[in-house]
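Derivation of every value follows stated rules applied to the coordinates shown; laboratory data play no part. Worth saying up front: this structure is predicted, and the values here are computed from it rather than measured. Glycine also receives a Cβ, built like all others from the backbone with ideal geometry; neighbour counts cover every protein chain displayed.
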Amino acid sequence: MTTCSDVTATSFDPYGEPVGEDRTTHMVQGDRRARNAAIAIFWTLALTLTAGRVYLNDQPLGHALILAKTQIGAFVTAIR
């Protein structure tokens, strides 16, 4: 009977890919900052869009269309 004491057990990630011993689990400080910045930007954008949607749903459709039409008209005349 042979023993395999020198062979390490292979572990797998959730997608079935083998995870080797050479992978480092520690993140570099710059990577951590970039990840935190991306998370902050994502949630800021998500909350802004949600708040804007809630705010715009309170206005009647006719009023919103008139307001949009005047804003587009003002923008077009400012370009000329």
Residue 44 to residue 11: extension gain in nm, 0.36 nm per residue of separation minus the Cα-Cα distance? 8.2 nm
Assuming R0 = 25 Å, can you tell me the calculated FRET efficiency for the pair residue 51 and residue 79, based on Cβ-Cβ distance, to the nearest 0.05? 0.30
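Please give the contour-minus-distance gain from residue 36 to residue 71: 0.36 nm per residue of separation, less the Cα-Cα distance, rounded to one decimal in nm.
Numbers: separation 35, 0.36 × 35 = 12.60 nm, distance 3.64 nm.
The residue 36-residue 71 span can extend by a further 9.0 nm.
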